[in-house]
Structures are given as C-alpha cells and as structure tokens.
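Undergrad: Got a structure here, written out as structure tokens. Questions coming.
Readers should treat all values here as calculations from the given coordinates under stated rules, not as data from a laboratory. Bear in mind the structure is a predicted one, so any value in this text is a computation, not a measurement. Cβ atoms come from the backbone with ideal geometry, glycine included; neighbour counts cover every protein chain shown.
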Amino acid sequence: MKRFSYFLPLLCAIALAVLGPMLSPYLSDLVVKVMILSIFALSLELLVGMTGLVSLGHAAFYGIGAYATVLGSGKDGGSLAVLLPLAMGCAAGYALVTGALSLRTRGVYFIMVTLAFAQMAFFVFHDTALGGGSDGIYMYVRPAIGALDMENRSVQFYFVLAALVFTYGFLALIRRSRFGAALAGIRVNEQRMRAAGFPVYGYKLAAFVIAGALAGLAGFLVASRDGVVNPELLAWHNSGEVLLMIILGGLGHLRGAVIGAVAFTLLKELLSTHALVGPLADHWQLTLGLAIIAFVALLPKGIIGIASRLSPKGAAA
C-alpha cells in the first residue's frame, strides 16, 4: 500500500493528461486553475511544511511573477522562453531581499515582516502607474514559443500540467536530498542544527528564494491563463488562502498541498453556486469559513490524515 502511494501522484498526472481533451471548457478551465493553485501551495509547503517558516507574504512573489509576465510581454507579446525565467527571476529576486531581512527575525516577528514586505509590493502596483493602479493591466498577446502558444487552451492545459509535475518532482527530490534533510532538521530543532555547524541562515534563505521562484512560476501561469493581472494577486488574503490550503490538505506532505488546493477551490466553487446551495451562495465566505473550521477541528492532520485513520495502524493508534 505504501509503495502504491509513491506512484499515486504520477498516476493522477497521467489520468489528467488522458482526460484533458475530454473535459468541457468549464471543467478544463477549473482544472487549470486548481493546478496553478497547487503549484502556489507547493511553493509555500517548502517554507511551512519542510522548513517550519510560516509566511504571510507569499502572495507577493505570486503577484510579482504575474506582473513581470504582463509587463515583459509588452504590446507585441513575448517569448515564453524569456517571460517564464523573467517571472521566476523577479519573484526570486524579491524573495532574496525579503528573506535576507525577515530571516533575521523569528516567530510572530518573522510573520509580520513578511506581511509588511508583501504589503509594500502590493501598494507599489496599486498606487503607481507601473501596474495600472487598482484596475491592473491586460496582456495583449499571451506568451508563445514555436508550437507552444498559451493562447491555445489545449497547450495551456498541458503546459500547466507539466509545470505541476515539475514542481512536485523537484520538491520531492529536495525532500530526499541532503539539503532537504537539513531543512527538516531546522524545522525540528534549529538550535541543535546551528550547534552542529550547519549554516542555518543560508539554508533558510535558499529555501525562501526557491519558494519565491516557484510562486513566480504560478504567477506566470495565472497571468498567461487570465490575460490580466491586478494588485489583488499580491493582497494579504491570498497569502492567507494559500496557507489555509496546505493546512487543510495536511502540513508536511507534498500531496497534502495539492489535496488542499483542490479541496479549497472546490469548496469555493460549490458554496458560491446558487444551483447547489441556493440563497446561501450569496454568503459563500461565511459558509466557507464554517466548513474550514469544521475540517480543521475534525481533521487536525488535514485531509491527508484520513488515510492514516482508516488504516489498521492508524485505528490502533
């Protein structure tokens, strides 16, 4: 059973690849949205679940990646080979600055400093002509390179799927590496790791920059999908939502981050649909909040913890 769980993510990716052409435009768009949010959630999982750094400013890197994509494309459009590294590079650059300063603090102070950096980035795009103010800016031509044209729905679907597989595989490799083992040690006992001679600050900063770059990847994808960006992408509530996703799915698990993104998106979609919940759809934020409270109270280990409860060992425990 445990061996099968290793292949489950790959089987899910293959299933999506096969089912992609059969999905309706609505379902295809929803799946693409979920996959992008899964990449965003996985990027934060590297910080929170693997390193023990709770950030409330992660949406800044997501939004910067999206804005870099649109601003870099200009009126004539841009090459995917240029815009993708640009988005990830800009997000990683801001993550380097944010991490270099915020990692000198701990606990609630670290959370507040990351939030402050995110709000600074938010107001740069919100209050200046650079990002079109509160209305945001439109992308005239979506990124393309050869046959890879993000204007094509099918290409968009498979490109996002490939990006999700890459992100998941990359983080799985990090987890199994010496670097990942060091991050796990920092999460459990930072003082002991420092005493053992590990450059703790450098490890945490590297994790912070990598997480920022992956959030920038998600930002590139959302800008290419929507063709428009606005300052709300960098807002603090987006950082809160992605944090909820990984808690909902189950902290400390890559699959938990993906499951949490799926569950959170589907909950929002279902609870805001009049055909399903009637007049309650007008108050979906309230019902969503109650649903999340219920999930967290009943499943303290997240949705992924259901499997351990159902297994004989979990039941015995």
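Undergrad: Which residue out of Leu280, Leu271, Leu248 is in contact with a helix residue (DSSP H, G or I) (Cβ under 6 Å, 6 or more places away or on another chain), free of Cβ contacts under 8 Å to residues at least 40 places away in the same chain, over 26 Å from Leu83 (Cα atoms) and crowded, with 19+ Cβ neighbours inside 10 Å?
TA: Exactly one residue qualifies, and that residue is Leu271.
Undergrad: Of all the residues that make up segment 105-135, how many are in contact (Cβ under 8 Å) with a residue 12 or more places away in the chain and outside any helix (DSSP H, G or I)?
TA: Looking only at that region, the number is 1.
Undergrad: Restricting to segment 146-174, what's the tally of residues that are surrounded by fewer than 20 Cβ atoms within 10 Å (Cβ to Cβ) and hydroxyl-bearing (Ser, Thr, Tyr)?
TA: Matching residues across segment 146-174 total 2.
Undergrad: I'd like to know if segment 189-200 contains one or more residues that are part of a helix (DSSP H, G or I), out of contact with any Asp or Glu (no Cβ under 9 Å at 6 or more places or on another chain) and under 13 Å from Ser43 (Cβ atoms).
TA: Taking every residue of segment 189-200 in turn, none turns out to be part of a helix (DSSP H, G or I), out of contact with any Asp or Glu (no Cβ under 9 Å at 6 or more places or on another chain) and under 13 Å from Ser43 (Cβ atoms).
Undergrad: Would you check if there is a residue in segment 46-56 being touching a residue at least 60 places away in the same chain (Cβ under 8 Å), of a type in the set (A, V, I, L, M), assigned to a loop (DSSP other than H, G, I, E, B) and surrounded by fewer than 24 Cβ atoms within 10 Å (Cβ to Cβ)?
TA: Our first condition is that a residue be touching a residue at least 60 places away in the same chain (Cβ under 8 Å); within segment 46-56, this holds for 46-56.
Then drop every residue that is not of a type in the set (A, V, I, L, M), which leaves 46-48, 50, 53-54, 56.
Narrowing the set further to residues that are assigned to a loop (DSSP other than H, G, I, E, B) leaves 53-54, 56.
Remaining after also requiring surrounded by fewer than 24 Cβ atoms within 10 Å (Cβ to Cβ): 54, 56.
The answer is yes; a qualifying residue exists.
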